[in-house]
Amino acid sequence: MLSSRHLLGLDGMPAAEITLLLDTARSFREILDRPIKRVPTLQGKTVVNLFYEPSTRTRISFELAEKRMSADIVNFSASTSSVKKGETLIDTVKNIEAMKIDMVVVRHSSPGAAHLLSRVLDANIINAGDGGHEHPTQALLDMFTIRQKLGELEGKTICLVGDIAHSRVALSNIFGLKALGARVLVCGPSTLIPREIEKLGVEVYHNIDEVIPQTDVLNILRIQLERQESGLFPSLREYHNYFGITRERLERADKEVVIMHPGPMNRGLEISSDVADSGHSVILEQVTNGIAIRMAVLFLLAGGKSEIQ
Amino acid sequence: MKFSRPTTSKKAFQVLPERLLLRGGRLIDPGQNLDKKGDLLIENGTISAVGAVDPAGFDGEVLDLKGKVVSPGWIDMHVHLREPGREDQETIESGSLAAANGGFTAVCCMPNTNPAIDSQEIIQYIVDRSRSSLVAVHPIGALTKRREGKELTEMLDLVEQGAVAVSDDHTPVHSAEVMRHALEYARMVNIPVIAFEEDTSMTRNAYMNEGFVSTCLGLRGIPRVAEETMIARDIALAEYTGGHLHVAHISTRKAVELVRAAKAQGVMVTAEVAPHHFTLTDDAVRSFDTNTKVKPPLRTEDDRLALLEGLKDGTIDVIASDHSPFAWEEKSTEFIYAPFGIIGLESSLGLALSALRDTMPLADIIAKFTINPYRILRLEAPQIAEGQAANLTVFDPEARWQPEADKLLSKCSNTPFLGRTLSGKPELVIHRGKMFKSVL
């Protein structure tokens with residue numbers, strides 16, 4: 001059982017609960033390989049996908065997870081809603097809840113948006129990304145994928161590469177990986193590393209060639225082009241030359257490293273195509289595992305505890 | 001029509017009885033080193049006797065103030081009354097009631113109204129609207145026209161009409177040239193320039209103090225240096241011009257050190273601190289409660305301790321609340337969209353006494369709300385003395401209580417302190433022939 005009715009983030013989540021989520025996802029992962037990929041677990045439950053920020057992969061992944069669990073689904077995105085008429089977030093969600101729904105998956109640009117909803121709604125809230133804060137299901141699917149590839153996380157070394165300062169993926173990964181006893185490195189330009197992050201128990205590097213020989217996993221984060229425009233680093237060219245993960249760089253290091261990326265990728269910037277498409281990359285497995293993780297989250301929040309058939 | 005959540009019925013100031021005897025209180029007036037138990041006789045709004053007054057045969061009203069402190073009336077020199085322009089948030093009337101409820105007999109109102117307090121007419125309007133109130137409202141004039149940071153206001157005019165200081169509060173003065181001239185010009189009329197210190201080029205899309213907590217919350221941070229670099233600049237300008245710089249709501253350790261060093265060198269600089277900055281840290285933001293979103297942001301424990309030291313050693317002269325009312329719907333929103341600001345008039349006294357009572361003499365705490373701000377503003381401070389107009393704040397230094405939304409007289413309740421236990425509670429204020437008993 002999870003101790004919270006919501007999944008708002010991995011900050012403070014006990015290791016046992018993270019492990020429960022990962023173990024539960026393993027059973028759902030098997031269902032995805034069956035010819036009929038559907039279980040009746042959430043029959044009669046209604047889930048609202050509330051996306052205040054554009055998203056393709058996370059939204060589709062949640063939708064598929066909900067469908068595989070036989071839930072009824074309503075999709076809401078900010079561009080087609082009353083948001084443009086000036087309605088507040090709280091009024092919008094209270095109206096939706098008045099239509100008798102059970103769970104809300106929310107993506108929003110403000111840190112704390114999911115926390116706000118959890119205070120005003122009775123429904124279960126799942127954070128699908130709140131600004132630069134957390135993206136717990138992404139971190140869980142990353143951890144699931146590493147576990148699938150390398151076994152238990154304890155003692156493994158994982159390096160997050162790139163824009164740590166603006167990344168909810170990085171933050172959720174750090175909380176989750178540290179809870180399970182992994183060694184976590186972050187590597188990127190000094191202007192993209194947030195202050196005092198070492199207090200979270202991570203090691204900070206600015207030289208990627210120093211990092212590769214000592215890591216088991218490189219989780220390569222997307223570089224948002226607007227970061228360069230706002231002056232945080234001088235050019236995309238320099239970024240690629242010093243932090244881009246290329247075949248040459250990996251060959252030089254001579255170390256088996258699992259390559260991950262939460263997507264969407266800027267090929268040729270933070271990752272080169274020959275790395276992304278190589279046998280070392282688990283980028284597409286991450287996507288498949290994402291559905292299993294989200295099924296596990298929905299299942300456990302809906303109160304499920306028995307073994308899945 | 002009835003509502004399930006009651007609101008405090010509208011309160012009004014009472015007329016002071018012709019003869020009023022305040023019995024057995026502890027009289028503390030830091031301006032004259034007075035601290036003794038005694039009675040106060042007030043006749044027709046004037047203090048007519050201080051010390052032992054024989055109650056036998058006294059035919060007026062008697063208030064027993066045993067265990068209570070009687071001090072000169074308190075002033076909050078940093079308040080946003082919102083009128084004219086945002087009367088839904090606060091008015092001169094509601095803000096004055098909140099002030100009286102919180103133990104204040106005077107406030108200074110900041111000029112970021114709409115229109116801004118940048119002309120004689122607006123000053124006149126505020127003075128007229130508050131003339132009959134218990135609470136004296138001293139307007140602070142804008143430093144630049146429309147608070148745009150470009151052209152100086154007609155300060156000589158503003159001061160003649162009643163302005164006690166100038167400031168572009170809630171906006172920093174970006175141009176050093178404008179600040180230099182403001183300090184030079186204000187010096188001519190002997191008023192302080194109150195500075196809101198933030199280099200906004202460093203704080204775009206930033207919502208809380210930059211540090212470990214902002215990193216954990218994924219919220220872009222407002223670095224301490226955004227405040228400190230501006231204070232350093234303005235201290236240099238104050239030294240160069242001989243003008244009086246008053247630093248509003250100081251919030252970091254380094255900022256306190258800068259002011260301390262400048263004072264030691266004889267620069268004309270004074271500083272104020274808001275109670276939320278010496279009672280809370282950025283840890284409070286972890287709740288994502290928008291009532292913890294304020295400028296300057298809640299800082300770290302190290303900064304908080306430095307502010308307490310600054311209060312103790314006199315580097316920080318004044319405690320002022322930066323009372324900033326916002327409507328429920330403005331604050332009940334996503335953290336990044338909520339406006340910066342919290343109310344403070346009705347919690348300031350309790351917060352200050354709770355935080356400082358164990359380390360500072362009561363008279364020194366009272367000075368931060370009375371003689372010190374009055375000196376900075378070049379206004380005559382009220383005194384507990386025979387022949388003086390009765391301008392008094394009475395509080396219970398021992399009472400433990402919790403602020404409740406339903407008892408606040410401000411139009412807004414945007415404060416993180418609801419339900420927090422405070423020691424020290426306002427009881428009564430007397431001023432301008434009126435009195436008000438706190439309903440907190």
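The values are calculated or read from the model by the stated rules, or taken from the named source; none is laboratory data. All figures in this text were calculated on a predicted structure; none of them were measured in a lab. Cβ placement follows ideal geometry from the backbone for every residue including glycine, while neighbour counts extend to all protein chains displayed. Surface areas here come from the heavy atoms of the whole protein model, side chains and all, with no ligands, DNA or RNA. Shrake-Rupley method; radii C 1.70, N 1.55, O 1.52, S 1.80 Å.
Taking first residues from the range A:44-65 that are farther than 15 Å from residue A:293 by Cβ and partners that are in a loop (DSSP other than H, G, I, E, B), the Cβ contacts under 6 Å between residues at least 6 apart in sequence or on separate chains come to A:45/A:71; A:45/A:102; A:46/A:101; A:46/A:102; A:47/A:71; A:48/A:101; A:53/A:109. Tell me, please, whether a residue that is of a type in the set (Asp, Glu), closer than 30 Å to residue A:211 by Cα, in a loop (DSSP other than H, G, I, E, B) and away from chain B (no Cβ under 14 Å) can be found in the range A:87-109. Among the residues of the range A:87-109, not one is of a type in the set (Asp, Glu), closer than 30 Å to residue A:211 by Cα, in a loop (DSSP other than H, G, I, E, B) and away from chain B (no Cβ under 14 Å), which makes the answer no.
Residue count for the range A:238-253 under the criterion of being touching a residue at least 12 places away in the same chain (Cβ under 8 Å) and either of a type in the set (D, E, K, R) or touching a strand residue (DSSP E or B) at 6+ places or on another chain (Cβ under 9 Å) (or both): the result is 8.
For the range A:208-236, a residue qualifies if it is over 24 Å from the mean Cα position of the chain (by Cα), more than 26 Å from residue B:205 (Cβ to Cβ) and charged (D, E, K, R), and the qualifying residues are A:209, A:210.
With respect to residue A:107, determine if the residue is buried (at least 19 other Cβ atoms within 10 Å of the Cβ) and touching a Phe, Trp or Tyr at 6+ places or on another chain (Cβ under 6 Å). Judged against the criteria, residue A:107 is a match.
Evaluated against (1) open to solvent by 10 Å² or more (accessible area, probe 1.4 Å); (2) touching a Gly at 6+ places or on another chain (Cβ under 6 Å), residue A:134 falls short on exactly one condition, (1). So, of the residues in the range A:268-284 that are open to solvent by less than 70 Å² (accessible area, probe 1.4 Å) and small (Gly, Ala, Ser), which turns out to be farthest from residue A:220 (Cα to Cα)? Out of the qualifying residues, it is A:278.
For every residue, the table says whether it meets (1) part of a helix (DSSP H, G or I); (2) in contact with a strand residue (DSSP E or B) (Cβ under 8 Å, 6 or more places away or on another chain); (3) surrounded by fewer than 13 Cβ atoms within 10 Å (Cβ to Cβ).
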residue	(1), (2), (3)
A:9	no, yes, no
A:12	no, no, yes
A:19	yes, no, no
A:24	yes, no, no
A:27	yes, no, no
A:40	no, no, yes
A:47	no, yes, no
A:55	no, yes, no
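Taken residue by residue, the range A:31-45 has at least one member that is out of contact with any Phe, Trp or Tyr (no Cβ under 8 Å at 6 or more places or on another chain) and at positive phi. Filtered by the rule that a residue be within 14 Å of chain A (Cβ to nearest Cβ) and either acidic (Asp, Glu) or surrounded by 24 or more Cβ atoms within 10 Å (Cβ to Cβ) (or both), the range B:327-348 gives B:329, B:330, B:334, B:335. Among the conditions (1) over 30 Å from residue B:158 (Cβ atoms); (2) in contact with a Lys or Arg (Cβ under 6 Å, 6 or more places away or on another chain); (3) open to solvent by 10 Å² or more (accessible area, probe 1.4 Å), residue B:17 misses just one, which is (2). Quick check on my filter: what residues within the range B:293-326 are within 14 Å of another protein chain (Cβ to nearest Cβ) and among the hydroxyl-bearing types (Ser, Thr, Tyr)? The answer is B:300, and nothing else. Scanning the range B:297-316 for residues that are over 14 Å from residue B:255 (Cβ atoms) and not in a helix (DSSP H, G or I) yields B:298, B:314. If you check B:302, B:313, B:317, B:282 for being in contact with a helix residue (DSSP H, G or I) (Cβ under 7 Å, 6 or more places away or on another chain), open to solvent by 30 Å² or more (accessible area, probe 1.4 Å) and not assigned by TED's automatic domain parsing to the domain that holds residue B:407, only one passes: B:302. For residue A:287, all conditions in the list (1) among the β-branched types (Val, Ile, Thr); (2) over 27 Å from residue A:4 (Cβ atoms); (3) surrounded by fewer than 21 Cβ atoms within 10 Å (Cβ to Cβ) hold save one; what is the number of the exception? Among (1) among the β-branched types (Val, Ile, Thr); (2) over 27 Å from residue A:4 (Cβ atoms); (3) surrounded by fewer than 21 Cβ atoms within 10 Å (Cβ to Cβ), the lone unmet condition for residue A:287 is (2).
Looking across A:96, A:101, one residue alone is within 18 Å of residue A:78 (Cα to Cα), of a type in the set (A, V, I, L, M) and surrounded by fewer than 24 Cβ atoms within 10 Å (Cβ to Cβ). It is A:96.
Residue selection: residue B:79 fails the criterion of being open to solvent by less than 10 Å² (accessible area, probe 1.4 Å), in contact with a Phe, Trp or Tyr (Cβ under 9 Å, 6 or more places away or on another chain) and either farther than 19 Å from residue B:138 by Cα or not assigned by TED's automatic domain parsing to the domain that holds residue B:272 (or both).
Quick one: would you say residue B:162 is open to solvent by 10 Å² or more (accessible area, probe 1.4 Å), more than 19 Å from the chain's Cα centre (by Cα) and among the small types (Gly, Ala, Ser)? Give the derivation first.
Values: open to solvent by 10 Å² or more (accessible area, probe 1.4 Å): yes; more than 19 Å from the chain's Cα centre (by Cα): no; among the small types (Gly, Ala, Ser): yes.
The answer is no for residue B:162.
Candidates B:232, B:226, B:186: the one that is part of a helix (DSSP H, G or I) and open to solvent by 10 Å² or more (accessible area, probe 1.4 Å) is B:232.
The helices (runs of 4 or more DSSP H) found wholly in the range B:324-440 and carrying at least 2 residues that are assigned by TED's automatic domain parsing to the domain that holds residue B:304, modelled with pLDDT of 95 or more and farther than 28 Å from residue B:284 by Cα occupy B:362-367, B:371-376. In the set (1) within 14 Å of chain A (Cβ to nearest Cβ); (2) out of contact with any helix residue (DSSP H, G or I) (no Cβ under 6 Å at 6 or more places or on another chain); (3) touching a residue at least 40 places away in the same chain (Cβ under 8 Å); (4) open to solvent by less than 10 Å² (accessible area, probe 1.4 Å), residue B:208 fails one condition alone, (2). Can you spot a residue in the range B:394-413 that is surrounded by 24 or more Cβ atoms within 10 Å (Cβ to Cβ), under 30 Å from residue B:188 (Cα atoms) and out of contact with any strand residue (DSSP E or B) (no Cβ under 8 Å at 6 or more places or on another chain)? Checked the range B:394-413: no residue is surrounded by 24 or more Cβ atoms within 10 Å (Cβ to Cβ), under 30 Å from residue B:188 (Cα atoms) and out of contact with any strand residue (DSSP E or B) (no Cβ under 8 Å at 6 or more places or on another chain). Restricting the search to strands (runs of 3 or more DSSP E) fully inside the range B:46-100 and requiring at least 3 residues that are within 22 Å of the chain's Cα centre (by Cα) and not acidic (Asp, Glu) gives B:69-72, B:74-79. Residues satisfying the criterion are present in the range B:102-118 (criterion: among the small types (Gly, Ala, Ser), touching a Lys or Arg at 6+ places or on another chain (Cβ under 9 Å) and in contact (Cβ under 8 Å) with a residue 24 or more places away in the chain).
Close Cβ contacts (under 7 Å, 6 or more residues apart or on different chains) running from residues in the range B:428-440 that are of a type in the set (Val, Ile, Thr) to residues that are open to solvent by 30 Å² or more (accessible area, probe 1.4 Å) comprise B:439/B:8; B:439/B:11; B:439/B:407. Among the residues making up the range A:124-145, those that are of a type in the set (Gly, Ala, Ser) and farther than 14 Å from residue A:286 by Cα are A:128, A:129, A:131, A:132.
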